[in-house]
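S.K.: I have a structure I would like to understand better, so I am pasting it below and will then ask my questions one at a time.
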Amino acid sequence: MSASLDAATAGRLARGAARRPLPPVFARLAILIALLALWEFYARMFGDPAFVRPPTEVVHALFGKILAEDTVRQAILLTFWELAVAFALAVAIALPVGLVVGATRFTHRSLFPVVLLLYAIPQVTVLPLFILIFGLGPAGKIAFGVSHGVFPIVVNVVAGLRNVNPLFVNSARSMGANRLQIVRRVVLPSVIGSFFAGLRLSMTMTLLGVLLAELYVSTAGIGYFTQLYSETFDPAPLFALITVLALMAIALNEAVRRAELRSSRWRG
Amino acid sequence: MAATTAREILGTRAIQAGFIAGGMALWYYATDVAGVSHLFLPKIGSVYRELSELIVKGAVLAPLRVTLTSVAISYFIAAVGGIGAGYLVARSAYLVRVLEPVFAGMFAIPITLFFPLFVLYFGIGAESKIAYGAAYAFFPIALNTIAGFGNVERRLIDSARSMGASDAQLFRRVLLPAAFPVILTGLRIGFFICFASVLGGETLLSRTGLGHQIAYAAELMESARMYAWIVLVIVISTSLNALVSRIETYQQRWQQ
């Protein structure tokens, strides 16, 4: 890290009193605790209870209202299930499409521009259309999630196929490898890395799509409860519900990131 | 894209135009021949009538102004905040190690989750969409600013220092030019995230703006009008896309 030019550090070093700073993990933890404490203090002292509730009450609402009530729990589980189905469908659709588009120079040149054209459309604009066609139930949310999750995988698989190092292909061929061997030993390993990178992005996007649709449909599911809590000015369960979903998002991101790391380690 | 010749770009455009023409033909076939429900897919003619009516009567102007103003304010906040925060963090290697993972982690969470909070605090009007868009676009801009300033070659800084550059000179002559392309990438990503977020916020809960018009038409089951608004938004976003890539080309030429 080169742009560390702060005078304070320089001064401290000059005085020979180089106090060791907190390890970053502890510093992050300290910031988090300080923010929570500040929030608690502010909410108790000055906050309007219709808008701000202290973190302790959010935790209370988490166990008392969110996790204890069957309807809310089911809405969260349903969202999780929709996400899983949407992600699986996105992978199942995008992988073959990506392989076909990236397979030859001709398909790449003729089909990839179409993929990019569709990718450039802001997809929220068609959210009402999706709900109109697929209905208010899980189908609409899954379909919208799939529409978000497909593109990162297609683009990454195509990039992986088109960016195979020609040097490797040529040397494999000159050592007598046949077509199948080249595909198995040279092309596939190159594709797998970018495929996993696409998976990670796709998970983020699928989650975005499912949540957008969930929030848009306010007659059932998570959208119903967020609207209910906002309209009744009951922020504690609203914060708790959002926290649960955010933790879910973090856990899923971490899982896919781990899978990506493992795949790259496996490739060497 | 090392070898994108004019001919290849022309070919790409031709393929995209052909795809659109094919899609229109399929659309015509589905509605006028195969008889798909007008609720899901209205006839091209009725969408065209709605679209021209919206434009002729000037009904586009008010929502368009709301959305574009929101995007502009939101993006300005995100750009100033993101570059400012990114620069402050990037000044210290320690802060980068502490805060960079925090920003990256926050960026991985869909901020859409927090949209109900934005509505709670900023109301149903344009303010909540501005705040939501700014919060979404802040992270890519801040992360790229940190990356841009953080990865300036040590060699460049040392040689400027040894030639007696002051802090201000170092910033203007070395740090800023070196970090600029990376920051610009962040600004570009941030812009499209900002635009999509404002539209998304309007679609979710709003009383004005382009996103609201689409959602409202869908609610009334006025499919033709909904398609007309969707076409409008796609045209606008495509033009914005073209504008940004034009700016980028100029910047690259200027940098060389």
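The values are calculated or read from the model by the stated rules, or taken from the named source; none is laboratory data. Remember, it's a predicted structure, so these values are computed and weren't measured experimentally. Backbone-built Cβ (ideal geometry, glycine too); neighbour counts: all protein chains shown. Please note that ligands, DNA and RNA were not included when accessible areas were found on the heavy atoms of the full protein model with its side chains. Shrake-Rupley method; radii C 1.70, N 1.55, O 1.52, S 1.80 Å.
S.K.: Taking the full set of protein chains and a 1.4 angstrom probe, give the accessible area of A:Met205 in square angstrom, rounded to the nearest 10.
M.R.: Roughly 50 Å² of A:Met205 is accessible to a 1.4 Å probe.
S.K.: Separate question: Quick one: divide the alpha-carbon radius of gyration of the protein assembly as shown by 2.2 N^0.38 Å and tell me what you get.
M.R.: 1.07
S.K.: Follow-up. For the residue pair A:Ser263 and A:Phe168, what label-to-label distance in nm results when each label sits 7 Å from Cα along the Cα-to-beta-carbon direction?
M.R.: 1.4
S.K.: Rounded to the nearest 10 Å², what accessible area does B:Glu248 have for a 1.4 Å probe in the complete protein model?
M.R.: So the heavy atoms of B:Glu248 present about 40 Å² to solvent.
S.K.: Would you mind working out the magnitude of the charge dipole of chain B relative to its Cα centre, with +1 at each Lys and Arg C-beta and -1 at each Asp and Glu C-beta, to the nearest 20 Debye?
M.R.: In total the dipole reaches around 640 debye.
S.K.: Oh, and also: Using a 1.4 angstrom probe on the protein heavy atoms only, line up A:Tyr119, B:Tyr132 by accessible area, largest first.
M.R.: Listed by decreasing accessible area, they come as A:Tyr119, B:Tyr132.
S.K.: Determine the calculated [θ] at 222 nm for chain A from helices alone, applying -39500 (n - 2.57) to every DSSP H run no shorter than 4 residues and normalising by the residue count; nearest 500 deg cm²/dmol.
M.R.: About -26000 deg cm²/dmol.
S.K.: Let me ask you something else. Using a Förster distance of 22 angstrom, determine the FRET efficiency expected from the C-beta separation of A:Leu36 and B:Val102, and round it to 0.05.
M.R.: Once rounded, the FRET efficiency stands at 0.95.
S.K.: Describe numerically, in nm with one decimal, the distance between label points set 7 Å from Cα along Cα→Cβ at A:Thr232 and at B:Ser239.
M.R.: 4.6
S.K.: When a/c reaches 1.5 or more, the comparison of a/b and b/c decides; with that in mind, is chain A rounded, prolate or oblate per its Cα gyration tensor?
M.R.: Note, shape of chain A comes out oblate.
S.K.: Restricting things to alpha carbons, tell me how big segment B:61-185 is in terms of Rg and Dmax, in Å.
M.R.: 17.7, 58
S.K.: Would you calculate the separation in nanometres between label points at A:Phe51 and B:Arg173, each defined as 7 Å from the Cα along the Cα-to-beta-carbon direction?
M.R.: 5.0
S.K.: Right, next: Trypsin sites (Lys or Arg not before Pro) within segment B:15-61: which are DSSP loop residues with at most 14 other Cβ atoms inside 10 Å?
M.R.: Within segment B:15-61, the qualifying trypsin sites (Lys or Arg not before Pro) (loop, at most 14 other Cβ atoms within 10 Å) are B:Lys57.
S.K.: Further question on the same structure: Can you give the FRET efficiency for B:Met24 and A:Val183, using 1/(1 + (r/R0)^6), R0 = 30 Å, r = Cβ-Cβ distance, to the nearest 0.05?
M.R.: 0.20
S.K.: Let me check I've understood the local charge: for B:Gly123, count other residues with C-beta under 15 angstrom from its C-beta, Lys and Arg +1, Asp and Glu -1. What total comes out?
M.R.: With Lys, Arg at +1 and Asp, Glu at -1, the neighbours total -2.
S.K.: At 1.4 Å probe size, what's the solvent-accessible area of B:Ile146? Round to the nearest 10 Å².
M.R.: 10
S.K.: Let me ask you something else. From largest accessible area down, sort A:Trp39, B:Trp27; use a 1.4 Å probe on the protein chains.
M.R.: Sorted descending by solvent-accessible area, the residues read A:Trp39, B:Trp27.
S.K.: Run the numbers on chain A and let me know its relative contact order in percent, using alpha-carbon pairs under 8 Å that are six or more apart.
M.R.: RCO, chain A: 24 percent.
S.K.: How do B:Tyr28, B:Tyr87 stack up against each other in accessible area, from largest to smallest, with a 1.4 angstrom probe?
M.R.: Putting B:Tyr28, B:Tyr87 in descending order of accessible area: B:Tyr28, B:Tyr87.
S.K.: Return the inverse of the average 1/r over all pairs of distinct C-alpha atoms in segment A:39-90, which is the Kirkwood hydrodynamic radius, in Å to one decimal.
M.R.: One decimal place: 13.1 Å for the Kirkwood radius.
S.K.: With springs only between Cα atoms under 10 Å, which of B:Tyr75, B:Tyr94, B:Tyr48 fluctuates most in a Gaussian network model of chain B?
M.R.: Result: B:Tyr94 has the largest fluctuation of those listed.
S.K.: Can you quote the Å³ per residue value for the convex hull of the Cα atoms in chain B, rounded to an integer?
M.R.: Convex hull volume per residue, Cα atoms: 168 Å³.
S.K.: A further question on this structure: Hey, could you get me the Stokes-Einstein D for segment A:52-119, Kirkwood radius over alpha-carbon pairs, 20 °C and 1.002 mPa s, rounded to whole µm² s⁻¹?
M.R.: In µm²/s, the coefficient rounds to 136.
S.K.: Right, another one. Can you give me the convex hull volume of the Cα atoms of segment B:125-256, divided per residue and expressed in Å³?
M.R.: 103
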